Structure formats: structure tokens, C-alpha cells
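S.K.: Shown below is the structure under consideration.
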Amino acid sequence: MDEYILNQDEDKQEDLRYVRQILHSALPEAEERISWSMPTYWKKHNFSHWLS
């Protein structure tokens, strides 16, 4: 996930880190993955994709 964020425009990186922080706080047991070239949170199935 860090690499995905670092590959985005600098002006979007802070917002992406903030979204990541919120999702991690709400879903601490979920696994972060890249699926279909998008950050994904997974727990038995994909339940959150987000684009920059």
C-alpha cells in the first residue's frame, strides 16, 4: 500500500494516507491488498476498493 500511495501525485498522497488511516482504524483485522490495481481491504472477500 505504501508503494501505491508513493506512486500517486504528491498532492493526493496526504489524502490517501488519511483514508488508509480511517479504514485501518475501522477495520483493524482486514488485510491490505492491491487488487485490480487498486488498494483493497480484504477479510474473507474484498470489501473496500479505493482509487486516487
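The values are calculated or read from the model by the stated rules, or taken from the named source; none is laboratory data. Not measured: the values here are computed from a predicted model. A quick note on method: Cβ atoms are made from the backbone with ideal geometry, for glycine too, and the neighbour counts reach across all protein chains shown.
S.K.: Of all residues in region 1-45 being of a type in the set (A, V, I, L, M, F, W, C) and assigned to a strand (DSSP E or B), which is surrounded by the fewest Cβ atoms within 10 Å (Cβ to Cβ)? Outline the logic, then answer.
M.R.: The initial filter retains those residues of region 1-45 that are of a type in the set (A, V, I, L, M, F, W, C), namely 1, 5-6, 16, 19, 22-23, 26-27, 30, 34, 36, 38, 42.
When the remaining residues are screened for being assigned to a strand (DSSP E or B), the result is 34, 38, 42.
Working: ILE34: 11, MET38: 14, TRP42: 14.
Among those residues, the one meeting the criterion is ILE34.
S.K.: Check off (1) assigned to a strand (DSSP E or B); (2) at pLDDT 85 or above for SER48 and give me the number that stays unchecked.
M.R.: Condition not satisfied by SER48: (2).
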